[in-house]
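This report concerns only the one structure given below.
The values are calculated or read from the model by the stated rules, or taken from the named source; none is laboratory data. The structure displayed is predicted, hence computed values, not measured ones. Every residue, glycine as well, gets a Cβ built from its backbone with ideal geometry; the counts of neighbours run over all protein chains shown. Keep in mind that these areas ignore ligands, DNA and RNA; they rest on the heavy atoms of the full protein, side chains included. Shrake-Rupley method; radii C 1.70, N 1.55, O 1.52, S 1.80 Å.
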Amino acid sequence: MNIWGLVMALLGLGLAFYFLLHSRRPAAKENTQNLDPKLEMEPESEKESVDRLDNVRRDFVANVSHELRTPVAIVKGFAETLDDDYEELSGKKRREFIGKIRKNSDRLCSLVEDLLQLAELESPSHALTLKKGSFAVVAKTVADRFHDRLDQETQSIRLELAEKEDFFHFDHVKIERVLENLLDNALRYARDFSIITIRTFIDAKAGELRCEVEEDGYGIPEKDLPHLFERFYRVDKGRSRESGGTGLGLSIVKHVVELHGGSVTVRSELEKGTTFSFTLPYRS
């Protein structure tokens with residue numbers, strides 16, 4: 001069927017583009033916090049650099065294959081059944097099968113989109129589009145966009161934004177994506193939350209703006225916190241895949257913030273909630 005061909009074409013294009021750009025980088029960055037400091041201080045030989053890059057690629061292929069196996073099997077299975085037994089299936093069954101194909105093809109498209117964004121962010125030639133503007137305006141825009149996804153009776157988004165924020169330079173589109181990913185992460189994975197708070201602080205002496213995205217859900221186990229910004233890492237793997245997430249959103253957050261010269265952290269306490277924080281250079 002055309003659906004199956006389209007999905008595979010999108011996937012092939014995304015992976016090819018990712019490898020084309022990613023192969024130009026000498027090494028991956030997201031796991032540097034786990035490296036031995038002594039190794040970071042010693043220059044790598046060319047062979048060591050090549051071997052490390054090969055390992056990164058091998059792990060990446062294994063992770064992508066794992067993420068794709070279920071949605072690809074579902075799309076293929078239901079598409080083939082529709083094609084072979086269309087006349088025998090009731091209208092209700094056809095709609096059910098089409099719904100499953102659509103849901104899983106959307107998941108595949110989201111994965112390709114996130115892979116392409118990571119490839120762009122990791123490209124040596126990539127540059128931010130810095131424009132002077134208000135972070136508060138961006139935060140309000142993103143919060144309004146997510147309003148309809150909330151349970152209006154039990155959930156809300158609260159803004160606690162610094163009152164004396166001057167305009168400063170940042171990439172508005174990419175910072176929107178950072179906030180979107182953090183809010184999306186809370187909506188998908190924060191069990192039993194009632195309030196998501198977007199909070200900002202201005203530290204004029206340090207020359208930085210700090211933003212916190214806090215939710216009051218169940219929290220994240222301490223053992224998982226160091227790994228949250230790794231590609232494809234999930235705290236609850238079964239629940240995460242069912243929710244439709246790609247496992248790449250927080251990695252994109254980390255890349256965007258670090259490209260701005262900022263940093264990103266996370267703290268969490270079980271049964272009290274989780275707070276993601278990031279900083280941006282602030283020079284009015």
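Computed values, structure above
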read-out: Scope the stretch 163-183; condition within 15 Å of Phe278 (Cβ to Cβ) and in contact (Cβ under 8 Å) with a residue 60 or more places away in the chain; matching residues; value: Phe168, Phe170, Asp171, Lys174, Ile175, Arg177, Val178, Asn181, Leu182
read-out: Residues being open to solvent by less than 30 Å² (accessible area, probe 1.4 Å), modelled with pLDDT of 80 or more and of a type in the set (Phe, Trp, Tyr) - total across the stretch 60-86; value: 0
read-out: Any chance Ala206 is at pLDDT below 95 and either in a strand (DSSP E or B) or open to solvent by 20 Å² or more (accessible area, probe 1.4 Å) (or both); value: yes
read-out: Members of the stretch 177-203 that are open to solvent by less than 50 Å² (accessible area, probe 1.4 Å) and acidic (Asp, Glu); value: Glu180, Asp184
read-out: Flag for Ser240 being within 30 Å of Ala162 (Cβ to Cβ), at pLDDT below 95, open to solvent by less than 30 Å² (accessible area, probe 1.4 Å) and of a type in the set (Ser, Thr, Tyr); value: no
read-out: Failed item, numbered, when Ile157 is tested on (1) under 19 Å from Val256 (Cβ atoms); (2) at pLDDT 95 or above; value: (1)
read-out: Residue match in the stretch 157-174 (condition: over 24 Å from Leu118 (Cβ atoms), of a type in the set (Gly, Ala, Ser) and open to solvent by less than 40 Å² (accessible area, probe 1.4 Å)); value: yes
read-out: Residues of the stretch 103-154 that turn out to be in a strand (DSSP E or B) and either in contact with a Cys (Cβ under 9 Å, 6 or more places away or on another chain) or open to solvent by 20 Å² or more (accessible area, probe 1.4 Å) (or both), as a count; value: 2
read-out: Filter result for Ile175 (at pLDDT 95 or above, β-branched (Val, Ile, Thr) and under 13 Å from the mean Cα position of the chain (by Cα)); value: yes
read-out: Pairs where the first residue, in the stretch 123-137, is hydroxyl-bearing (Ser, Thr, Tyr) and the second is open to solvent by 40 Å² or more (accessible area, probe 1.4 Å) and part of a loop (DSSP other than H, G, I, E, B), C-beta under 6 Å, 6+ apart; value: Ser134/Phe167
read-out: Some residue of the stretch 253-267 being on the phi > 0 side of the Ramachandran plot, touching a Pro at 6+ places or on another chain (Cβ under 6 Å), modelled with pLDDT of 90 or more and not in a strand (DSSP E or B); value: yes
read-out: So Ala139, is it closer than 24 Å to Tyr282 by Cα and modelled with pLDDT of 90 or more; value: yes
read-out: Tally, over the stretch 105-128, of residues that are touching a helix residue (DSSP H, G or I) at 6+ places or on another chain (Cβ under 7 Å) and closer than 14 Å to Phe170 by Cβ; value: 1
read-out: Residues that are open to solvent by less than 60 Å² (accessible area, probe 1.4 Å) and either part of a helix (DSSP H, G or I) or modelled with pLDDT of 95 or more (or both), drawn from the stretch 220-237; value: Asp224, Leu225, His227
